[in-house]
Every structure is written in structure tokens, then in C-alpha cells.
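The values are calculated or read from the model by the stated rules, or taken from the named source; none is laboratory data. Predicted model, so just to flag it, every value in this text is computed and none were measured. As a convention, Cβ positions derive from the backbone with ideal geometry for all residues, glycine included, and neighbour counts pool all protein chains shown.
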Amino acid sequence: MKIGALKETQDGEARVAVTPSSAAHLQKLGHEVYVQAGAGEGAGFSDDDYRNAGVTVEGSAADLTKAVDVVAKVRPPSDAELDGMDEGQTLISFFYPGQNEALMERARDKGVTAVAMDMVPRISRAQKMDALSSMANIAGYRSVIEAANNFGRFFTGQVTAAGKVPPAKVLVVGAGVAGLASIGTATSLGAQVYAFDVRPEVAEQIESMGAEFVYLDFEEQTKDGAETGGYAAPSSPEFREAQLKKFRELAPQMDVVITTALIPGRDAPVLWTKDMVEAMKPGSVIVDLAAEKGGNCELTQADKRIVSDNGVIIIGYTDFASRMSAQASELYGNNIRHFMTDLTPKKDGVIDHNMDDDVIRGATVTHDHEITYPPPKPKIA
Ligand code: NAD
């Protein structure tokens, strides 16, 4: 089959879905690989880099779409991109089907099979295709780099001839994939790191990374930080109060706060309130990784870096992975080629879209003129 990557059209999106190295793997599966001219530019891959990897470069989006059986993208397709596709073609990209019903109906009406990389089940077997995790890992790392770049002091403590410098105090709120990457990066820069999550089972993981788990004065932490399939559920009002009380105590002491708290299918919980920002020292930095879902900090503005009246820098960028486009494309390209490996079981260039396979079924949102979202629960953990 022929698989090709379109150049991303969303403003500021620098990633690409196929890299020269992932192309080589796709070819080993028996596929021919294509890219739209300039598709890899933002991530540092020239058209010649692709040609040298045996990839055919097509001049326009329309030519690319016509030439291939499978269109690969990073962002969900625009209406025009989808309309350019034909019956029987497959699209692989982030799709967010829960928020993009009209797009899903369009794909169904066109007879396009749509694979949502954000719907790959989070089971062990599918970890290598888990694009949500690979991008969250990058976002977590980059959040600390942005914080350090905006913080006018060292992260690590130092004793120098010119004076003693204490380590920066960093609080990470939410210890999922992104939060754990933030914790790892901040500790490796020498900061004194504190972390909190409603799922108490992550305490051990946080502590093993050299950070301190923030415990609440609340007896029912285990119950109220209830999990649903490993994800957080909304907290009770009493638990939330205990959490905010603890954060109010910590706010004046923290130099950097990185918030990553999310609850699937909901707006981000507001956990860092205006009065907490006001209690922080001038020059402190907040990086809100939940900005796209409304933000964990009350003052966050999505896609902006703002400075509060008391001099606290609040960063609400929503494109952290794209800010590391080379790395992100490499990992996303790998996620896609692993998915293609499952779609090509005989490695003969023939796609078998096996809807009895948990992973393929879970990620497929339209197939054979039908909407196949939401999928049934995966059978294997
Ligand atoms: P996420 O992005 O949905 O949420 C980020 C974190 O915010 C979570 O740890 C959540 O507990 C936390 N949170 C929610 N409300 C909070 C609050 N009020 N205060 C503090 N923290 C709050 O999470 P994620 O990174 O997608 O990971 C979620 C789960 O999925 C974890 O259990 C993770 O281990 C699991 N996971 C499994 C796989 C796999 O098996 N393949 C892959 C990735 C993640």
C-alpha cells in the first residue's frame, strides 16, 4: 500500500507524521512512502532527506492525497483535507472523536476509515503506539525548560565564592505521564521538587524520582482520589478544600508551579486560584499544561505568557510538543509506524484492518461507512 504524510496546516504546528527514519520502517512492511513537499521542514527534515530515504515527494496536498491509500497527519484533518479523500482511503491522525462529531460524520459519509491516534487503548501491548503518552512526555519535559528559561535564578543550589544559592522549589500538580516527566526533568536540573496527585498510588513513583509527595490532612485521600481505569475522577468538595488549603500553604514558598491535572472528558479542575498566585513571590513561574482544557490556574490564558500584577509569570502555551518538533515527530512517527505494523500483519504491504483486534478496533472511529466510536472496552489489560 501507499502511505503519505501531509504538511500540517494548523498555525504554528511544526510536527510531521512520517520522518525519514519511520519511512524506512514503513518500507520494511512492504509499503511505499510519500510526503507532501515541505512537510518535514518545521521538524528539520528536508525534501531531500526524504528522497534519500526512498520517499516520493509530491508537490501539493491534493497530489499527495490522490497518490496514497493511507493519509498520515498529526492534527485532526480540516474539512477540506477530509473532502479531498476518497472512499476506501484510511486516515491516521489525532482526531479527538468526542469533541469532533461533525468531522466523524464527514469521514463516515465519505467512506473514509479514520484511525484516531488519541484513541489507542492504554494497554501494555499498545504502549509503543501511545501517542498521547509520547507527546505528554515531551510536554512535561518542555514545561520545565520553559519554566527555567523564564525563572531568573538557578534551579540547582550552589555554594559559590559570590554567595550561597538555595535550590529552586518546584511543585508539580498532577503526576500522570506529563507530570512525571516534569518531575524527572526538574530533579535532574537540581531543583527541590514537590508533587501532588489525587491518585495516592503514584506517591511511591514520585518519591523514587527524588521528589517529595505532598500529603493532605485528609483521612479519605484513597477513597476520594478515586480511580476509574487508572484515571482520576472528580474530587469531593471536602477533598478539594483540603487540597486548596495545602496549596495555599505552599504558594508563598514555591518558585515554580507546573500544573498537569486532567480528568478525562471534562474541563481541567481549577486548583491554583488567583489568591495563590497573589501569594507567590515576584519572578515565580507557573506553567499550566492544562491550558487547552481551560487551565488548572485561574489566571491562565491559553497560548499566552502573561505576568500577574504581582510579577508572577504564567505560561499557558498549548503547543509544547510542537515546540520540540524534531523530537516529537520522531516519536509520533514511531507511534504511527508501530500502528501500521499491526495493520500489516504479514509485512507484505497489504493492510488488514482487523476489527477483532482490540487495539485497531479501539482506535478506529469510522469504518465501512459507519461510526465505530466509542469502542467497546478492550478485553486484554
Ligand atoms: P491525565 O493526563 O488524564 O491526567 C494527569 C494527571 O492529573 C493524572 O495523574 C490525574 O490523576 C491527575 N489529576 C486529576 N485531577 C487532579 C487533581 N484535582 N489534583 C491533582 N492531580 C489531579 O493522565 P495520564 O498522563 O493520561 O495518565 C492517566 C493514567 O493512565 C495513569 O494511571 C497512567 O499510569 C495511565 N497510563 C497507562 C498507559 C498504558 O498502560 N499504556 C499509558 C499512559 C498512561
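Can you find even one residue in segment 116-128 that is surrounded by 20 or more Cβ atoms within 10 Å (Cβ to Cβ), farther than 19 Å from Thr344 by Cα and over 17 Å from the mean Cα position of the chain (by Cα)? No: segment 116-128 contains no residue that is surrounded by 20 or more Cβ atoms within 10 Å (Cβ to Cβ), farther than 19 Å from Thr344 by Cα and over 17 Å from the mean Cα position of the chain (by Cα).
Only one of these is surrounded by fewer than 24 Cβ atoms within 10 Å (Cβ to Cβ) and either under 23 Å from the mean Cα position of the chain (by Cα) or modelled with pLDDT under 95 (or both): Ser60, Ser134. Name it.
Numbers: Ser60 fails: either under 23 Å from the mean Cα position of the chain (by Cα) or modelled with pLDDT under 95 (or both).
Testing whether each residue is surrounded by fewer than 24 Cβ atoms within 10 Å (Cβ to Cβ) and either under 23 Å from the mean Cα position of the chain (by Cα) or modelled with pLDDT under 95 (or both) leaves just Ser134.
Scoring Gly84 on the criteria (1) within 19 Å of Ile351 (Cβ to Cβ); (2) in contact with a helix residue (DSSP H, G or I) (Cβ under 7 Å, 6 or more places away or on another chain); (3) small (Gly, Ala, Ser) leaves a single failure, condition (1).
Every residue in segment 210-235 that is at pLDDT below 90 and over 25 Å from the mean Cα position of the chain (by Cα), please.
Our first condition is that a residue be at pLDDT below 90; within segment 210-235, this holds for 217-235.
Matches in segment 210-235: Asp217, Phe218, Glu219, Glu220, Gln221, Thr222, Lys223, Asp224.
When the strands (runs of 3 or more DSSP E) confined to segment 68-169 are screened for residues that are of a type in the set (Ser, Thr, Tyr), those reaching at least 2 such residues are found at 90-93. For Val198, indicate whether it is in a strand (DSSP E or B), within 18 Å of Thr260 (Cα to Cα), within 16 Å of the ligand (Cβ to nearest atom) and not small (Gly, Ala, Ser). Considered against the rule, which asks whether it is in a strand (DSSP E or B), within 18 Å of Thr260 (Cα to Cα), within 16 Å of the ligand (Cβ to nearest atom) and not small (Gly, Ala, Ser), Val198 comes out as no.
Of all residues in segment 8-64 being aromatic (Phe, Trp, Tyr) and without any contact (Cβ under 8 Å) to a residue 40 or more places away in the chain, which is farthest from Leu343 (Cα to Cα)? If we take residues in segment 8-64 being aromatic (Phe, Trp, Tyr) and without any contact (Cβ under 8 Å) to a residue 40 or more places away in the chain, then Tyr50 is farthest from Leu343 (Cα to Cα).
Taken together, Gly157, Gly152 contain a single residue that is more than 13 Å from the ligand (Cβ to nearest atom), touching a residue at least 60 places away in the same chain (Cβ under 8 Å) and surrounded by fewer than 14 Cβ atoms within 10 Å (Cβ to Cβ), which is Gly152.
In this structure, is Lys377 basic (Lys, Arg), surrounded by fewer than 19 Cβ atoms within 10 Å (Cβ to Cβ) and over 21 Å from Gly98 (Cβ atoms)?
No, not satisfied.
If you go through segment 244-267 and pick out every residue that is touching a strand residue (DSSP E or B) at 6+ places or on another chain (Cβ under 8 Å), within 14 Å of the ligand (Cβ to nearest atom) and modelled with pLDDT of 95 or more, you end up with 8. Check segment 180-189 and report whether any residue there is modelled with pLDDT of 95 or more, farther than 24 Å from Arg337 by Cα and part of a strand (DSSP E or B). No, the conditions are met nowhere in segment 180-189.
The one condition from (1) more than 15 Å from the ligand (Cβ to nearest atom); (2) of a type outside the set (A, V, I, L, M); (3) under 22 Å from Gln99 (Cα atoms) that Lys304 does not meet is (3). If only residues of segment 335-359 that are farther than 12 Å from Pro376 by Cα and among the hydrophobic types (A, V, I, L, M, F, W, C) are counted, the one that is farthest from the chain's Cα centre (by Cα) is Val350. Only a single item in (1) closer than 18 Å to Glu249 by Cβ; (2) touching a residue at least 40 places away in the same chain (Cβ under 8 Å); (3) of a type outside the set (Lys, Arg) is not met by Ala181, and it is number (1).
Say we look at segment 1-56 and pick out the residues that are β-branched (Val, Ile, Thr) and not in a loop (DSSP other than H, G, I, E, B); which of these is surrounded by the fewest Cβ atoms within 10 Å (Cβ to Cβ)? Only one residue fits best here, namely Thr56.
Can you tell me which residue within segment 301-330, out of those that are crowded, with 17+ Cβ neighbours inside 10 Å and farther than 17 Å from Val144 by Cα, is farthest from the chain's Cα centre (by Cα)? If we take residues in segment 301-330 being crowded, with 17+ Cβ neighbours inside 10 Å and farther than 17 Å from Val144 by Cα, then Ser308 is farthest from the chain's Cα centre (by Cα). Of all the numbered requirements in (1) among the polar types (S, T, N, Q); (2) within 10 Å of the ligand (Cβ to nearest atom); (3) touching a Gly at 6+ places or on another chain (Cβ under 9 Å), Ser124 misses one, and that requirement is (3).
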